[in-house]
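I have placed the structure first, in the form of C-alpha cells, so that the comments after it can refer back to it.
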Amino acid sequence: MQSFPNAPTPAALPGISEPTNERERELGSLWRTLIRRRGAILKIFLFFVVIMFVGTLVWPKSYTTDIKVIAGDSNASVGTGGGPDSELPVLNALMLANSSQSAETYADLFTESPVVQQVIKERNLKISNHEFLKHVVVKPVTNTNIIDVSVTWSDPKTSAAIANAFGTAIVDRQRELVASQARESLASLQQELPLAQERMTAAQNALTQFEAQNRIADIDTQTKTTISTLADLDTKIGQTQADRSQAQAELSSAQGQLSSVPPTITGETSLSENPVVGQLEQQLAQVDVQLRQAEEQYTDQHPTVLSLKAQKQELTTAIAAQKQTVISGRNQIPNPVYQQLMQQSTTYRSQVAADTAQLTELNRQRAALTPQLATLPSQTAKLADLQREATATQNVFNALQQKYVNSQVAAQTAISDVTITQPASPSDAQVRPSLLINFVISLILGAVLGCTGALLLDYFDNSIKDEREVEEELSLPQLGSIPLVQLRNGEPIVPWVKALALESFLQLVTNIKYASDERLRSLAVVSPMQGDGKSTIALNIALALNEIEGPVVLVDADLRRPSLHAKMRLSNERGLSDVLVGQASLDSAIQVDERSGLAILTCGTATPNPIKLLESPRFDELIEELHDRYQTVVFDGAALVGNVDSAVLARRVSGTILVVSHASTDLREASGAMRRLQRMGVRNVLGFVLNRMEPRRADYTPYGNDAPRLYSDEAPIVAASR
C-alpha cells in the first residue's frame, strides 16, 4: 500500500517495461475504473435484471402460431418483366392471361375482407376486420412461392385454430376466384371461338385456291438464292462503307496531329567556355597588379587605392554573374513522333483507297442482280402473305381452343392453386415475451448498462479515486496512504484499523526521511482544500518524529482557520502571530503536550494580514531559532485554495508535503494547488499523502506485543479527524 519515493521505477527494473502506447494506458485506466466502480456496476446490473425478470413475469403473454402455404406455379418466372415471344398481339394476350401471379400478389389477396370475414364468422369472434388483421401477419418467403401466415393470440389453442381457419378460408377464397374466372372465360371464349374458326377456314381456303390457280407447290429455289446473294452483298457494302469511314476519320486525326508536330527536333547540344569570362578574368588580374602597386605607394584611404578596389569588386561581381559555358551549336534530328504519324497516314490512305475500290466492285455486282430480282414472279410474294395469314389464324384458333378446354376443367373442378403445406399446432406456438430470451438479454444489457453507468459516474465524479491518477495528474511521488478510521464513542469501530493507521504513519515518516538527499530540518504540511485532513496528518507526523528522532516542534501556521489548539485542547492566547509581532516570547508561547511530550506553537491571536507576517524577516529568524532548539520543525499550513499563505510558507522550509483526501478532494483543485505552488517558486514538494483510504485487512500485519506506539491508547490521535 505504501510507496517509497526513491524506489526504482518499473522501467528501471529488469524485465519490466512501461506501457508501449497510449492505448494500453487507456485500457488500463478503463479496467481500473471498472474495478473501482464494481459496486455500482453490480447494483445497476442486478436492478436491470430484476426489472426485466419481473416485467417478463407480469407482462401479458401472447402466443404465435404459423401456417405455410404454396401459392401459384413455382416454375413461373415472377417479377422479371419479360413477356411472351409471339409476334401476334392476340396470342400474347392469351399467354399473359395464363401466366402465374407472384407470391406478393397472393399475400395481398389473403388479407381481403371476404377471407377475414369468413374466419371471424367461423370462429365466432367479436372483433372488426381491422382489429383482426392486427393479429395476423402474412409474409412471402423471398424468391419462393411459399407464404408464411402468423396469428398471435392470448392462448395457443385459439391462435392455432384461427391460423388453420385462416388457411382454409384462403383456399376456399382462391377456389371461388378460380371458378369465377373460369366461368367468365368460358362465356367470352364461346363467342370468340366461332369467329376465330371462320377466319382460319377463310385463310386456308384462300391459300389453297391461289396455289391451285398458279400451280405453285413451294417457293422457287432461284428466288431464295437470289435474295440470299443480294442480302450478302448489302451486308458487305455496309461493312466496307463503315471500314472506309473509320479509316477516313483516323486519317483526318493523324493529319491534324501532323500539323502540330515539328518534322525535326533538337539533338545533341555543344558547349564551350564563355569568352566574356576570360576577358573579365584578364582585366581582374591587371587590376590586382595595379592595386598591389598602389597599396605599396599609398595608404588604404588614398583615392587611387579606393578606385582600384571598387574596380576589382565590380569585375568580381561581373564574373560571378556570367555563365562559365555557352552553347556553341545544336544538331537537328528527325522527330520520331512525326515519322510515326506520317506512316500511319500512309497506311490509312491506302486503306481508304482499297475500301473505295471494293465498294465500286460490290455496287457493280449488286446492280447486276437487280434486273434478276425484278423478273422474279410476283405470285411468290403473294404466296408468302397467304401462308403467313393461314398460320396466324390457325395459332389463334388453337390457343383459344386450349383456353376453352382449361376453362371448362377449372369451372368443373374449381381447384385452388393455394396449398397448405404446414398447419398450425398449439405445441409449436412461440411465447412472447420469452422468459429465457429476456433473461439472457437482461444479462447482456445489464452488464452493458452497468459498465456504462459506472463510466458515466466516474466521468462526472472528479474526486480522487486512487494513487495512480494522483501521480499522473500531479507528477508527484506518493509518500504514504492513511486509512480511514471510523470512530464510535471515541474508539475505532474495527480494532485492527487503528493498528493499520499506526503502521501507515510509521511508513509515512520513513518515506519522508528518504524523500530528500539533504536532512529535512523543517516541513510544511499543506492541502488543496479545507477538510482534507492536513492538520491531523501534520500532528501525527510530528508525534512520530518526536517519538523516533527526538524533540520536534509543531507550529500551527494556518493563521486563517487554525485547529491544532482545539485538537490538542491547548490555550491559544499566545502563539505564532504574537511571537512574530513581538507581543510574546518564544518560550512563553510554546506549549508541551503532557501525554506525548510534543512541543506545540499554536497560531495565536488572529491577524488581519497573515501573508505580511509570514514574509517578514522575523519569521525567518523564528525558523532559525526553532532549528537551534529542535531536531525538526513541522508547520501546519493553510489550505492552498483561496490564498497564497502556504506557498509563502513552503518557500521557507526544507520540504513540503501535499495532503489529498480519497473520494473528497477534487483532482482539478489539487492540480490547481500544485500550479499555484510552482508559480510561487516552490520547488521542494516531496510528494503527496493520500488520506482516508478505504482500509483493507490484507494490508494489516500484526506485530504482537513489540508493536511500536506513537500515542497512548487513552488519548488516540486518528486519521479520521477533520
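The values are calculated or read from the model by the stated rules, or taken from the named source; none is laboratory data. Just so you know, these numbers come straight off a predicted model, no measurement behind them. Every residue, glycine as well, gets a Cβ built from its backbone with ideal geometry; the counts of neighbours run over all protein chains shown.
Give the residue, chosen from Ile611, Ile537, that is among the aliphatic types (A, V, I, L, M) and surrounded by 22 or more Cβ atoms within 10 Å (Cβ to Cβ). Can you show your working first?
On the way: Ile611 fails: surrounded by 22 or more Cβ atoms within 10 Å (Cβ to Cβ).
Going through Ile611, Ile537 in turn, just one is among the aliphatic types (A, V, I, L, M) and surrounded by 22 or more Cβ atoms within 10 Å (Cβ to Cβ): Ile537.
In this structure, does Glu176 turn out to be more than 49 Å from the chain's Cα centre (by Cα) and surrounded by 14 or more Cβ atoms within 10 Å (Cβ to Cβ)?
Numbers: more than 49 Å from the chain's Cα centre (by Cα): yes; surrounded by 14 or more Cβ atoms within 10 Å (Cβ to Cβ): no.
It is false that Glu176 is more than 49 Å from the chain's Cα centre (by Cα) and surrounded by 14 or more Cβ atoms within 10 Å (Cβ to Cβ).
Can you find even one residue in segment 611-630 that is over 29 Å from Tyr514 (Cα atoms), assigned to a loop (DSSP other than H, G, I, E, B) and over 57 Å from the mean Cα position of the chain (by Cα)?
Yes: one or more hits.
Hey, among Ser585, Ser527, which residue is surrounded by 21 or more Cβ atoms within 10 Å (Cβ to Cβ), polar (S, T, N, Q) and over 16 Å from Phe505 (Cα atoms)?
Numbers: Ser585 fails: surrounded by 21 or more Cβ atoms within 10 Å (Cβ to Cβ).
None of the others qualify; the one that does is Ser527.
Exactly one of (1) under 15 Å from Thr536 (Cβ atoms); (2) among the β-branched types (Val, Ile, Thr); (3) at pLDDT 60 or above; (4) assigned to a loop (DSSP other than H, G, I, E, B) is unmet by Ile717. Its number?
In the conditions (1) under 15 Å from Thr536 (Cβ atoms); (2) among the β-branched types (Val, Ile, Thr); (3) at pLDDT 60 or above; (4) assigned to a loop (DSSP other than H, G, I, E, B), Ile717 misses (3) alone.
Among the residues of segment 545-574, write down those that are within 16 Å of Ala638 (Cα to Cα) and outside any helix (DSSP H, G or I).
Leu554, Val555, Asp556, Ala557, Asp558, Leu559, Arg560, Arg561, Pro562, Ser563
Can you confirm whether segment 592-609 contains a residue that is among the acidic types (Asp, Glu), assigned to a loop (DSSP other than H, G, I, E, B) and closer than 21 Å to Ala638 by Cβ?
Residues of segment 592-609 among the acidic types (Asp, Glu): 593-594.
Add one more test, that the residue is assigned to a loop (DSSP other than H, G, I, E, B), and what stays is 593-594.
This time we only want the ones that are closer than 21 Å to Ala638 by Cβ, so: none.
Scanning segment 592-609, I find no residue that is among the acidic types (Asp, Glu), assigned to a loop (DSSP other than H, G, I, E, B) and closer than 21 Å to Ala638 by Cβ, so the answer is no.
Go through segment 545-571 residue by residue and tally those that are touching a helix residue (DSSP H, G or I) at 6+ places or on another chain (Cβ under 7 Å) and buried (at least 18 other Cβ atoms within 10 Å of the Cβ).
10
Give me the residue from segment 404-414 that is surrounded by 14 or more Cβ atoms within 10 Å (Cβ to Cβ) and modelled with pLDDT under 70 and, out of that set, nearest to Thr65 (Cα to Cα).
Ala414
Among the residues of segment 111-157, which ones are assigned to a helix (DSSP H, G or I), over 45 Å from the mean Cα position of the chain (by Cα) and hydrophobic (A, V, I, L, M, F, W, C)?
Val115, Val116, Val119, Ile120 - these are the residues of segment 111-157 that are assigned to a helix (DSSP H, G or I), over 45 Å from the mean Cα position of the chain (by Cα) and hydrophobic (A, V, I, L, M, F, W, C).
Quick check on my filter: what residues within segment 642-656 are surrounded by 24 or more Cβ atoms within 10 Å (Cβ to Cβ) and either among the basic types (Lys, Arg) or out of contact with any helix residue (DSSP H, G or I) (no Cβ under 7 Å at 6 or more places or on another chain) (or both)? Even if it seems obvious, please write down each step before you answer.
From segment 642-656, those surrounded by 24 or more Cβ atoms within 10 Å (Cβ to Cβ) are 646-647, 649-650, 656; that's our starting set.
Across segment 642-656, the qualifying residue is only Ser646.
Could you grab the pairs with beta carbons closer than 7 Å, sequence gap of 6+ or different chains, first residue in segment 425-443 and assigned by TED's automatic domain parsing to the domain that holds Gly167 and at negative phi, second one basic (Lys, Arg) and assigned to a helix (DSSP H, G or I)?
Short answer, once both residue conditions are applied: Pro426/Lys157.
Conditions first: (1) assigned to a loop (DSSP other than H, G, I, E, B); (2) of a type outside the set (A, V, I, L, M, F, W, C); (3) over 19 Å from Ala670 (Cβ atoms). Gln530 passes all but one, so which condition is the exception?
With respect to (1) assigned to a loop (DSSP other than H, G, I, E, B); (2) of a type outside the set (A, V, I, L, M, F, W, C); (3) over 19 Å from Ala670 (Cβ atoms), Gln530 is out only on (3).
Taking the condition of being more than 11 Å from Tyr63 (Cβ to Cβ) and modelled with pLDDT under 85, how many residues in segment 149-167 meet it?
Matching residues across segment 149-167 total 2.
Test Asp148 against the stated conditions and say whether it is farther than 25 Å from Glu176 by Cα and touching a residue at least 12 places away in the same chain (Cβ under 8 Å). Steps first, please.
Details: farther than 25 Å from Glu176 by Cα: no; touching a residue at least 12 places away in the same chain (Cβ under 8 Å): yes.
It is false that Asp148 is farther than 25 Å from Glu176 by Cα and touching a residue at least 12 places away in the same chain (Cβ under 8 Å).
Quickly run through segment 638-661 and pick out the residues that are touching an Asp or Glu at 6+ places or on another chain (Cβ under 6 Å) and under 24 Å from Gln591 (Cα atoms).
Scanning segment 638-661 gives a single hit, Ala638.
Tell me, which residue of segment 575-588 that is assigned to a helix (DSSP H, G or I) and either within 18 Å of Val526 (Cβ to Cβ) or β-branched (Val, Ile, Thr) (or both) is farthest from the chain's Cα centre (by Cα)? Write out each step before concluding.
Step one: list which residues in segment 575-588 are assigned to a helix (DSSP H, G or I), which gives 576-580, 586-588.
Subset that is either within 18 Å of Val526 (Cβ to Cβ) or β-branched (Val, Ile, Thr) (or both): 576, 579.
Values: Leu576: 62, Val579: 66 Å.
Restricting to residues being assigned to a helix (DSSP H, G or I) and either within 18 Å of Val526 (Cβ to Cβ) or β-branched (Val, Ile, Thr) (or both), the top hit is Val579.
If only one of Arg574, Arg521, Arg595 is at pLDDT below 90, surrounded by fewer than 23 Cβ atoms within 10 Å (Cβ to Cβ) and not polar (S, T, N, Q), which one is it? Working first, answer last.
Numbers: Arg574 fails: at pLDDT below 90; Arg521 fails: at pLDDT below 90.
Among Arg574, Arg521, Arg595, only Arg595 is at pLDDT below 90, surrounded by fewer than 23 Cβ atoms within 10 Å (Cβ to Cβ) and not polar (S, T, N, Q).
(1) at pLDDT below 80; (2) out of contact with any strand residue (DSSP E or B) (no Cβ under 9 Å at 6 or more places or on another chain); (3) in the same structural domain as Ala182 (by TED's automatic domain parsing): which one isn't true of Leu383, the others all being true?
Failing condition for Leu383: (3).
Please specify each residue of segment 685-705 satisfying the condition of being surrounded by fewer than 18 Cβ atoms within 10 Å (Cβ to Cβ) and modelled with pLDDT of 75 or more.
Residue satisfying the conditions is Glu694 alone.
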